[in-house]
Structures are given as C-alpha cells and as structure tokens.
Amino acid sequence: MTHTITLTVNGQKYTRTVEARMLLSDFIRHELGLTGTHVGCEHGVCGACTILFDGESARSCLTFAVQADGHEITTVEGLAKDKDNLHPLQQSFWEAHGLQCGYCTPGILMSMIPFLKQNPNPTEDEIRHALSGNLCRCTGYQHIVDAVKLASEKMR
Amino acid sequence: MKPASFDYHAPNTIEEVLDLKHQYGDDAKFLAGGQSLVPAMNFRIVQPSILIDLNRVNELSYIREDKNVIRIGAMARERHLEFDSSIKKHTPLLHEAVPFIAHPQIRNRGTIGGSVVNADPAAELPVLMLALNARLKAKNKSGERWMDAKDFFAGMFTTSLTPDEVLVEVELPFSEKNTGWSFMEVAPRSGDYAMMGVATLVTLDKNKKCKSAKLVYLNAGDGPVEAFEAEKLLEGAVLDDKLIESAASHASEKEINPFGNIHASIDFQRHLANLLTKKTLKQALQRAVKEN
C-alpha cells in the first residue's frame, strides 16, 4: 500500500509517493537526495539522523515518512545559505575543530540548534548534557563542546 | 534494519480509531510517539500487519487542570509534560522525573500514553503512574472504563487493555498537602536506560510523623515495583536515619526482584536501590518539612 505525501523540507515543498514503511531518514536521503542526514544505528541511539520536525529535534530513523505529510522538516542542508556563508553554529565547528570524521556532525548540529535557541548562554555541563543524545565514535567530544560554546557566543 | 511492510491508517478522530481497532483487534498496533515501537520494527522484533497512527488525533493531546486533578491526553508529548506549569505545581514528582526520560530528541516525539501502554519495566512513566496513584481511561466502541495504575500494569510489557481498547487519558490527583517528593536513577550515561531508579513520596501529619510513603522502583522486576512493606515500616513513625536505613534495606533486599543485565549485576542493582532509597527518602522528607 503506497501513500502520496506532501511536505516541506528546508522551505521547499515536495510531493512523493511512498510505502508506509519507508523511514523518514531514508526518504530524505534516497527520495530527496539530501545525504547530509546520516544514518548510524537506525534504532534511535546514535543521533546521526537528527532533523527538525516542525522546529523540534527528532530522530528521522524513528519516524515514517508518511507521518511527515503536511509537516515541516529541516535538515543540515537548511542551515547555510551557501558554502561561503555557513550558519554561525557550522562556522564555530569549523573554527574550533569540532569534528574529526564528521559522520555525527549533522545530527549534532540539528540537536544544538533548538538547544541554543532555548538556552542561549549554556554552561559546559549543560552543553555536555545536551550532547548526550549524539554519539561521536571518534570520541572528539572536547572540541565539540568548545565549538558549541563558541557558537553560543557568536549567536547571542 | 528496515521494518517489514504494513498497512497504515492515520485517523483524525477517536471514533475512527475505535472503529479501526474494533475491526482489526490484535492485528493492529497503535503508533504513538514511536520511540520504542519503531526501533523494534526496524529490528523486525515486531512486525504488525496494520499500524494505526494516533498522531493526527488532536483531541488526544492536552494537559489541563480539572478541580483537584490533572488530565493528560494519551498523546501529550513527554516534552510538554516537562515544561507544563500545572504539572510542576501539582505533581512535582512528575516534573522532576520527566527529564530523566531518554533525550530531548526522544521526548519531543515520545508520549505519555505510548510509554505507559508499552509497560517497559525500565521506563520512568509506568513507575510514576503507580507512585502518583494515576487513573487511566480506556475506550472501545461500546464505552469507556477507568483503571487504577496498580490494576493497569499486568507484567513485562503487558497491560490490562483488551484488543479493542485504546488508552485515551491519564488522570493524576494533585499532590497531597505536606508531601515531599524525590526521583533519582543511576544510568551508565545520561539518557541511557537506568540500572536502577526510584520514585519516592513522603506525606507528613501535623506531628511531623510520616502519614504515608510511596517507594516505586524501575528495572526492579517485571513491571513498576512498589515496596509496600517498606512503606508500612515508615508509616506512623518519625523518619530518622535508622528507620530510613531499615526501610531501604528491606525494600532493596526483600521486595524488589531485579534481573541483572550487562551493565549491572543483581547485587549491584540491589546496592543501588538501597542507596537511592535512602537518598530519595531524605530529600523527600526535607521537602515535606519545607512544605509544612
């Protein structure tokens, strides 16, 4: 059984026909070709597939694409205007060396956007707590924490 | 890591939900927040042939005060419980415990009804339902019924809902006067499943004696586990360190039944239960005195 859905991704409307079992993460990557959203564990633990669902961070691997019908999704591609104009959060990750292999980075960025909006001046403890839903297997957490701190200063 | 195929229904009203569930019974599973169901489907541990998505049933999503209770629709998100001012004021135990549920990314989707119906012994919300004397309302095509939390949970991942019923509302009585609360758990990392946790309430009488106490544990048996005997030890007495010590020993040695897992042996879980019982009782007592 297939379903025709219309949703907004990074401000652009898309209509596609999908099977009910298609995960939102696969929809974003395979149907829309937006491969910035990464797929790590596919059971909600690693956080690599984190996107914004109506402005709130969520695991795209734990949502079916059909559930996003009529909703608004933001992926990491929606952050920067172009490659010369990075979002201040991205710029901070660049400047503070907040990534090694980069696999976890899109998920971390999409978790930190609502976090910094809600808490514009976080302590290091609060940043670490907010990062706990995203795993970095390079284990470069110190620089990620530095990057988020830097971003909070830039975005204030 | 892809779910098996299924037929998908996304009704807009409770009436449509009940019709579908009446028609399909056990073949159909409800999709609430999906934060436990979808991982299980991705692993193909669960392969429902029909999913009834409750996310478009707006009438199931509310939190409101009604005389001396709080009414919470089954599809209220955990993130909404976390920031709700009525919950903070009238059921401070719930307010304190919700941030322990996984991560914000999960709480943004996860719902109170989904977690309660999933009845995972390691989850926070079933424990809180028991500790807070919640009542749960279920509906089917022929009517509705209320259940006390203690009758609702029926074992590991099992509730007393029948195949044609849907949970629609959770009712929480306001916290009694002179009541202190405390929720604590120990997890390997923030947001992970806890190795042990306890929800504790202490209500004092005029003479500062314990009028009633609640001790409910997670990951301590095949559902939320209440330590009735330890509660009885505390009731009617002045809560000094010695009594708190013996209640903690009794609950952790005699009343809980943890299974142990890769992160914690049974002995370690009992040890944690002992420590957490003492710590939460002391904090709850302190808060009850302050409320007095």
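The values are calculated or read from the model by the stated rules, or taken from the named source; none is laboratory data. Bear in mind that the values here come from a model prediction, so they are computed numbers and not experimental data. Every residue, glycine as well, gets a Cβ built from its backbone with ideal geometry; the counts of neighbours run over all protein chains shown.
Show me the helices (runs of 4 or more DSSP H) entirely contained within the stretch A:71-145 in which 2 or more residues are at pLDDT 95 or above and in contact with a strand residue (DSSP E or B) (Cβ under 9 Å, 6 or more places away or on another chain).
Qualifying helices (runs of 4 or more DSSP H): A:105-118.
Quick one: is A:Gly70 touching a residue at least 24 places away in the same chain (Cβ under 8 Å), within 14 Å of chain B (Cβ to nearest Cβ) and surrounded by fewer than 16 Cβ atoms within 10 Å (Cβ to Cβ)?
For A:Gly70, the condition - touching a residue at least 24 places away in the same chain (Cβ under 8 Å), within 14 Å of chain B (Cβ to nearest Cβ) and surrounded by fewer than 16 Cβ atoms within 10 Å (Cβ to Cβ) - is met.
Residue under question is B:Glu171, and the condition is that it be more than 21 Å from B:Ile52 (Cβ to Cβ), outside any helix (DSSP H, G or I) and in contact with a Lys or Arg (Cβ under 8 Å, 6 or more places away or on another chain); does it hold? Walk me through it before giving the result.
Working: more than 21 Å from B:Ile52 (Cβ to Cβ): yes; outside any helix (DSSP H, G or I): yes; in contact with a Lys or Arg (Cβ under 8 Å, 6 or more places away or on another chain): yes.
Considered against the rule, which asks whether it is more than 21 Å from B:Ile52 (Cβ to Cβ), outside any helix (DSSP H, G or I) and in contact with a Lys or Arg (Cβ under 8 Å, 6 or more places away or on another chain), B:Glu171 comes out as yes.
What residue, among those in the stretch B:74-88 that are part of a helix (DSSP H, G or I) and touching a strand residue (DSSP E or B) at 6+ places or on another chain (Cβ under 9 Å), is farthest from B:Val166 (Cα to Cα)?
B:Ser86
For the list (1) free of Cβ contacts under 8 Å to residues at least 40 places away in the same chain; (2) assigned to a loop (DSSP other than H, G, I, E, B), I need the number of the one condition that A:Cys46 fails.
(1)
Right, A:Phe93: at the interface with chain B (Cβ under 10 Å from one of its Cβ atoms), touching a residue at least 24 places away in the same chain (Cβ under 8 Å) and buried (at least 22 other Cβ atoms within 10 Å of the Cβ) or not?
no
For the stretch B:30-48, which positions are buried (at least 19 other Cβ atoms within 10 Å of the Cβ) and not aliphatic (A, V, I, L, M)?
B:Phe30, B:Gly33, B:Gly34, B:Gln35, B:Ser36, B:Pro39, B:Asn42, B:Pro48
Per-residue answers, yes or no, for (1) part of a strand (DSSP E or B); (2) assigned by TED's automatic domain parsing to the domain that holds B:Ala123:
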residue	(1), (2)
B:Met147	yes, yes
B:Phe157	no, yes
B:Met184	yes, no
B:Pro188	no, no
B:Gly197	yes, no
B:Leu201	yes, no
B:Lys206	no, no
B:Lys211	yes, no
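What about B:Pro126, is it in a helix (DSSP H, G or I) and within 14 Å of chain A (Cβ to nearest Cβ)? So that I can check it myself, show each step before the final result.
On the way: in a helix (DSSP H, G or I): yes; within 14 Å of chain A (Cβ to nearest Cβ): no.
In short, no.
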